[in-house]
Amino acid sequence: MVQTLGYLKETPSQTAGPYVHIGLTPNVCDIAGIYPEDLGVAMVGERAAGSRITVTGHVYDGAGTPIKDALIEIWQADAAGLYNSPSETRGTADPHFTGWGRYAVDGASGAFRFETVKPGRVPYPDGRSMAPHISFWIVARGINIGLHTRMYFPDEADANTADPLLARIEHRTRVATLIAAGTPPHYVFDIHLQGEKETVFLDI
Amino acid sequence: MFDRSNQRPETGAFFARDRQWHPPAYTPGYKTSVLRSPQKALLSLGATLSEITGPVFGHSMLGALDNDLIHNHARPGESAIGERIVVHGRVLDERGRPVRGALLEFWQANAGGRYRHKKETYLAALDPNFGGCGRTITDEDGAYAFRTVRPGAYPWPNGVNDWRPAHIHFSVFGHGFAQRLITQMYFEGDPMIWKCPIVNSIPDRAAIEQLVAPLDWGNTIPMDSRAYKFDIVLRGRRSTLFENRREGN
């Protein structure tokens, strides 16, 4: 006999289902009055540092149809590359920027839209610098476990070339699935769940 | 907010996710997953600061009735119809440590199995006094509790005759974005659990049982509410004591 490690198993995921809005953005689905405002609506305070950007896009299924019941969360560093989190030990992030946003895609068009600031660079564990990026997490009916991915910036070609995560993508044609389109400050990031244009999703 | 001044910041990377324990993306018994499942391999790599960090939420944002679904959408002096229950438990990590300050958001159908949502078409009646959402934040022990009515089962368009067992949806924020989790809680003794294609997207019976909350007789409130206990486990963090570090870190 040996000692037991005593680890617990992570609670298994289940789909967010079609009515995720009731729980996470009730004011969007006509359940007003329980919360004064949905969480994650506003990321950027008036006094936040950095250049304002918008990120818009759609989430497409394997038939190329925009998904109309997805919920997206993003998480990113502030303009100086610091996260507004207790686990950030390199400095203190901009108090006027939350770094976290949540958006229920439009029920008719499937479009999403975030108003945020362009993130600064964040180091990889080995000390190399990662290119500016925004972490995405996507849930919806039919998605059994939330999908993690990242958006990188089209105007950061040199930084993207040196980015340790992008460098790990074996099939180089797929790198483009993580790089937004659009023209600064208006970026477009379309996410494809399946098919030829399938976005690179992360097990991270 | 808690006083974390005496605690070292949590900077360890998370344990790798056991993808055999979670449902796979493609589960054809649950038809909507067929076109919404990535087919290419996930890109696996160790967590970076972008995943180790995450937003935190303070108790100050909570309203007095946020954890009381019986009353948070009810007219003054009235309450939601249904079997009154308390759901409580702890949020732990895989090392068994309490996750303090975790934001839990939950949503559910009413006692008749009807959601308050514009896309919902089930013929069961809405309850004017039931909204169906609530939230709370765990305390120093990782503990949480809320009050609600037991949700009803309901039919859904998948197979010709598929029904969801009674369930409550949970969304959980730990301390890192990589811990983000959405799941569902089921009720002990419900025979419909084992007929459900969404439940059965999870391959391992022991993993499904981790989602079934037992009746907690000890915490039942006499003449008021029965209690169900539902503990939630988030990814654990590695100890950082001997991690390779660059000079100066």
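Since every read-out is calculated from the coordinates, none of them should be taken as a lab result. Predicted model, so just to flag it, every value in this text is computed and none were measured. Cβ atoms come from the backbone with ideal geometry, glycine included; neighbour counts cover every protein chain shown.
Among beta bridges from DSSP that stay inside chain B, the antiparallel ones total about 75%. Using the Stokes-Einstein relation with a Kirkwood hydrodynamic radius computed over Cα pairs, the translational diffusion coefficient of the range B:37-151 at 10 °C and a viscosity of 1.306 mPa s comes to 96 µm²/s. Multiplying the residue separation of A:Thr65 and A:Val41 by 0.36 nm and removing their Cα-Cα distance gives an extension gain of 6.1 nm. Think of the protein assembly as shown as a dipole: +1 on every Lys or Arg Cβ, -1 on every Asp or Glu Cβ, centred on the Cα centre; then among B:Leu126, A:Phe114, B:Ala153, B:Ala153 lies furthest on the positive end. Put a dot 7 Å past the Cα of B:Asn219, heading toward its Cβ, do the same for B:Gln39, and the two dots end up 4.5 nm apart. Rounded to whole numbers, the Karplus 3J(HN,Hα) couplings from phi for the range A:10-15 are 4, 4, x, 6, 9, 4 Hz, using 6.51 cos²θ - 1.76 cosθ + 1.60 with θ = phi - 60°, and x at Gly and Pro. Rounded to the nearest 20, the size of the Cβ-charge dipole of the range A:1-142 about its Cα centre is 340 debye, with Lys and Arg at +1 and Asp and Glu at -1. Among the trypsin sites (Lys or Arg not before Pro) in the range B:125-195, none sits in a DSSP loop with a Cβ that has at most 15 other Cβ atoms within 10 Å.
If you take the square roots of the eigenvalues of the alpha-carbon gyration tensor of the range B:112-191 and sort them as a ≥ b ≥ c, do you get rounded (a/c under 1.5), prolate (a/b over b/c) or oblate? Cα axes put the range B:112-191 in the prolate bin. Taking 0.36 nm per residue of separation and subtracting the current Cα-Cα distance, fully stretching the chain between B:Leu126 and B:Asp162 would add 10.9 nm. Coupling constants for the range B:9-14 follow from the phi torsions by the Karplus curve (6.51 cos²θ - 1.76 cosθ + 1.60, θ = phi - 60°), and in residue order they are x, 7, 10, x, 6, 7 Hz; glycine and proline get x. Rounded to the nearest whole Hz, the Karplus-based 3J(HN,Hα) values (6.51 cos²θ - 1.76 cosθ + 1.60, θ = phi - 60°) of the range B:84-100 follow the sequence 6, 9, 10, 10, 8, x, 10, 9, 10, 9, 5, 8, x, 8, x, 9, 7, with x at glycine and proline.
In the range A:148-190, taking the dipole from charged Cβ atoms about the Cα centre, the farthest positive-side position among A:Ala180, A:Ala167, A:Tyr152 is held by A:Ala167. Amide hydrogen proximity for B:Phe187: with H placed 1.01 Å from N in the peptide plane, the residues at 5 or more positions away or on another chain lying under 5 Å are B:Ala213. Loop-located trypsin sites (Lys or Arg not before Pro) across the range A:1-68 with a Cβ neighbour count of 14 or fewer within 10 Å are A:Lys9, A:Arg47, with loop assigned by DSSP. Comparing Cα centroids, the range B:84-143 and the range A:69-90 end up 25 angstrom apart.
The count of lysine pairs in the protein assembly as shown with alpha-carbon distances below 29 Å, taking only pairs 8 or more places apart or on different chains, stands at 21.
Considering only A:Gln76, A:Ala63, A:Ile204, the residue lying farthest towards the positive end of the dipole of chain A is A:Ile204, judged by Cα position with unit charges set on Cβ. Loop-only check: which GluC sites (Glu not before Pro) in the range A:28-93 are DSSP coil with at most 13 other Cβ within 10 angstrom? Counting only loop positions with at most 13 other Cβ atoms within 10 Å, the GluC sites (Glu not before Pro) in the range A:28-93 are A:Glu37, A:Glu46. Counted by Cβ distance under 14 Å from B:Trp156, the other residues give a net charge of +3, where Lys and Arg count +1 and Asp and Glu count -1.
For the protein assembly as shown, the dipole from Cβ point charges (+1 on Lys and Arg, -1 on Asp and Glu) about the Cα centre works out to 520 debye, to the nearest 20.
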